[in-house]
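Structure first, commentary second.
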Ligand SMILES: C[S@@+](CC[C@H](N)C(=O)[O-])C[C@H]1O[C@@H](n2cnc3c(N)ncnc32)[C@H](O)[C@@H]1O
């Protein structure tokens, strides 16, 4: 089934991996779904747990999702706003994009965030040292054509529908705080930034953070699923060998191609890993067909 797509994009968005990630979840989820790095929320949107703690250190992502959840931003509101602003973009040109960017950096409105996210260069989300959004314009004045506005409107409406009868909490939090809330029966899905890449105000991720996350995941009282990389054209991820090749874990390997990225380097194909402390093998066999289709690395 094609995944449900959220209204915003971000680096490392897992739209293409959602079905593989879902296949590693131990359903039914007894407790809550915890995502300490929820980003675009594409994963939770497709897993659709009844209870969830959705955290990210990026206040703008969390504000937008809270606004959609509370009805402060609806599909119809976004439609009216994007149609109007799209018309101004068409007639004024890129100066209008920069006027919205300045306003967003002063006032932080969710609708302006949506506008910038869907009309910035390459769909990246990047903030400077002061926490100001600094991605340039995509240079397409006709960006908000009718078809795209309709698509975004539907994405917001669908998201609101999915959330309507669910107990989902959106929180601005550091991953350590979110993980400290895990209890037996919960499922944690962790998708951290890649160390040394996309470094900005909300994404400064160090080797120390990565090691800390590794230790915290290993000590959780519940299932965890970690998205990480196994290798790219240049090198292998040393943490796989050092921390995850053990019979306590399963490592699913997937080749994935990133389309969101500001440079050639970020758009390379990459071997992704999904690591979990649960058994994927048996469930995959029944839920996803023959086991041969899965590339489980030896542990
Ligand atoms: C790779 S993205 C997550 C992508 C998401 N799974 C998706 O499919 O859209 C990583 C996210 O982690 C957030 N982040 C970075 N450092 C963090 C930290 N120390 N604590 C919590 N969130 C953090 C970033 O704001 C970003 O949204």
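Here are a few things to note about the model shown:
- Largest mean-square fluctuation among 232, 46, 19, in a Gaussian network model of the chain whose springs join Cα atoms under 10 Å apart, belongs to 232.
- The chain - percent relative contact order, Cα under 8 Å, separation 6 or more: 23 percent
- Bridge orientation summary for the chain: considering DSSP beta bridges with both residues in this region, about 55 percent are antiparallel.
- Region 1-159, relative contact order [Cα under 8 Å, separation at least 6], %: 26 percent
- Nearest 10 degrees, 0 to 90: helix 207-218 Cα axis against the chain principal axis: 60 degrees
- If you run the Gaussian network model on the chain, springs between alpha carbon atoms under 10 Å, then out of 178, 242, 190 the most flexible one is 242.
- Each label point was placed 7 Å from the Cα along the Cα-to-Cβ direction; for residue 72 and residue 140 their separation is 3.0 nm.
- Between 0 and 90 degrees, the angle of helix 75-92 with respect to the longest Cα principal axis of the chain falls at about 60 degrees.
- Cβ crowding within 10 Å, taken as a proxy for footprinting-reagent exposure, orders 272, 236 from fewest neighbours to most as 236, 272.
- Using alpha-carbon coordinates, inclination of helix 94-107 to the longest axis of the chain, degrees: 70 degrees
- Region 106-223, relative contact order [Cα under 8 Å, separation at least 6], %: 25 percent
- Among 233, 73, 135: highest mean-square fluctuation, GNM of the chain, C-alpha pairs under 10 Å: 233
- Residue exposure sequence - 151, 14 - by fewest surrounding Cβ within 10 Å: 151, 14
- Look at 120, 222 and count the other Cβ atoms within 10 Å of each Cβ; fewest to most, that gives 222, 120.
Bear in mind these aren't lab numbers, they're just calculated from the coordinates by the rules spelled out. As the structure is a computational prediction, the values presented were derived from the model and not from experiment. We place every Cβ from the backbone using ideal geometry, glycine too, and count neighbours over all the protein chains shown.
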